[in-house]
Amino acid sequence: MSDICCASKREEFDRADMITPTYDYLLVAASVLVSLMASFTGLTLTKGISALPAGRRKVQIVMAALALGGGIWSMHFVAILAMRFPLPIDYDSIYTLGSALIAILMAGLALLIMHFAPRTWVSQVVAGVILGNGIVVMHYVGMSALRGCLALYDPVGVILSIAGATVMGIIAIGVAYAKRDTAHILASTVIFGSSVVVVHFVAIAWTSFELSGSFAGTTPLIENGTLALLVMFSAFVICGTFLLASTNYVFTGFGGAATAGAPAAAAAFTGVHEGGEEPLPEEVLSAAFVPHGDAPRIPYERDKRTCFIPADQVIALRAEGHYTVLYTREEKLFCPWSISEAEKRLPDSLFLRTHRSYLVNIHQVTAFERHKDSGSCHFEGVQSLKFAPVSRGNVAGVREALGL
C-alpha cells in the first residue's frame, strides 16, 4: 500500500514538473505563410539556372539556398514563438543561429546536386532526401536552443518526422524538376512548404516539456523579444524576395500567355527559356537548315534574337523541360528545340542519343569511360561540358559508334 502511495506521489510530482504550452494561432498561420513564400521564392530562383555559366549558377544557388533554408528556420521559430510557456524562455545563440546555417547548407547541397550532377532519378532521390532531412535536423537543433524548459522527444515523433520529411522532400524535388514550368513550381511549392509545417507540428505533437534547472554556461542567450526581432527581419526579407519572384508570374498571367516581348525579356535575364513559354514559329525552326557547308544549323537565342550555329560546332545538347541547353566549346546556349525534336532533325552520323537527357556530337568525344553497366563520354578542352552520361541501354550503341 505504501508503494502505491509513493508511486502516486512520484507521478503527481512528475506531472507538476511538466509544462503544457498554449498557442497563438495567428502566429501559427503566419508560420505557414512564411514557409510557403520561402519555398516559392527558393524554387523560382532555380528556374533556368542550368543554362547559366558555372559562376553565375553558383551565385543563384546560394540565393535559392538562403531562401529555402532561411524559410525553414523562420517557419520553425515563428511557430516556436507562437507557443506560450508559463515561464520565461531564452534561446542559446549557438544552437539558434547554427540551426539556420544547417538548413541553408543542406538546401544548398541539394540544389548543387540538381544543377551540377547529371540529372537522373538517383540524383533526384539523393537531393530530395538531403533537402527533406534538412528540415528535421534544423528542427531538433533549433529545439535544443530552448533554455528554461527541457524538450523530451518521443521516438515515434522522431521516426515520423524523418519519414515524412524524406518522402515529401523527394516528391517536391521530383515535381519541381519534372518540368520547369509555372505549374510544377507552384505544385512543388505547396508540397515542400507543407512538408516544413507538417514536420514541425508532427515533431511537436510527440514532444513534451518539463521544467529545467538554471542553465549556467558561457554561450550568450537570446531573449524572447530579441528572437522575435530576428525572426521578423528574416520574414520581412522573405516577403520582399517573394514579391520580387512572384512579379514575373503576375505579369505573365501564370501560364505563358505573355506578350511577345515578355519571354525575350525573361531570357535576357535568366539566359534560358523554360516550359510554359510560347514556342518559336515553325518557319523559324525550319530556317535552321539553311545550307551552311555540309553541316545543318541549330537555332539558339541571344539578346532577343534567334541565331544559328553549325551543328558540327556543337558538343552536345541536354534536355531542359521542353527545350534544350546547347553546349559549345566555350559556353552554354538556349536552344528552342526539345531533345526529341533535335534528335529527329540532326543526322545520326553526327549526333547520338547517349542518355534520355543528352544528345552528343560523337565526333567531339575524346574519351569513353565505362562504369559497370553505364558509362560517360568525355570532352577534352571543352569549358562548358566535361562529360555526358551514357545510360545502360545506350552503352552498346555508343561503343559501336566510337568503334569500340
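Here are the numbers:
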| quantity | calculated |
| --- | --- |
| Residue pairs meeting the criteria (Cβ under 8 Å; at least 6 apart or on separate chains; first β-branched (V, I, T), in region 214-229; second at pLDDT 65 or above and part of a helix (DSSP H, G or I)) | T219/S93; T219/I94; I222/S93; I222/T96; I222/L230 |
| Pairs, first on the phi > 0 side of the Ramachandran plot in region 320-346, second surrounded by 21 or more Cβ atoms within 10 Å (Cβ to Cβ), C-beta under 7 Å, six or more apart | G321/R180; G321/E274 |
| Complete set of residues in region 62-95 that are without any contact (Cβ under 8 Å) to a residue 60 or more places away in the chain and either outside the structural domain of F236 (by TED's automatic domain parsing) or of a type in the set (V, I, T) (or both) | V62 |
| Checking Q383 against (1) in contact with a helix residue (DSSP H, G or I) (Cβ under 8 Å, 6 or more places away or on another chain); (2) of a type outside the set (D, E); (3) farther than 25 Å from V122 by Cβ, the condition it does not meet | (1) |
| Conditions (1) in contact with a Lys or Arg (Cβ under 9 Å, 6 or more places away or on another chain); (2) closer than 25 Å to I104 by Cβ; (3) of a type outside the set (A, V, I, L, M); (4) at pLDDT 65 or above: number failed by P220 | (1) |
| Members of region 32-69 that are part of a helix (DSSP H, G or I) and either in contact with a strand residue (DSSP E or B) (Cβ under 6 Å, 6 or more places away or on another chain) or under 20 Å from E330 (Cα atoms) (or both) | I49, S50, A51, A54, G55, R56, R57, K58, V59 |
| Residue match in region 299-306 (condition: in contact (Cβ under 8 Å) with a residue 40 or more places away in the chain and under 27 Å from the mean Cα position of the chain (by Cα)) | no |
| Matching residues in region 111-144 - criterion: being of a type in the set (A, V, I, L, M) and not in a helix (DSSP H, G or I) | A117 |
| Single match in K332, K304, K386 (criterion: within 20 Å of P53 (Cα to Cα) and surrounded by 22 or more Cβ atoms within 10 Å (Cβ to Cβ)) | K332 |
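So that you can scan it fast, the table gives a plain yes or no per residue for (1) at positive phi; (2) at pLDDT 90 or above; (3) of a type in the set (V, I, T):
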residue	(1), (2), (3)
G128	no, yes, no
Y140	no, yes, no
A145	no, no, no
C149	no, no, no
G157	no, yes, no
A165	no, yes, no
I171	no, yes, yes
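The values are calculated or read from the model by the stated rules, or taken from the named source; none is laboratory data. What you are looking at is a predicted structure, and each value in this text was computed from that prediction instead of being measured. Note that each Cβ is placed from the backbone with ideal geometry, even for glycine, and that neighbours are counted across all protein chains shown.
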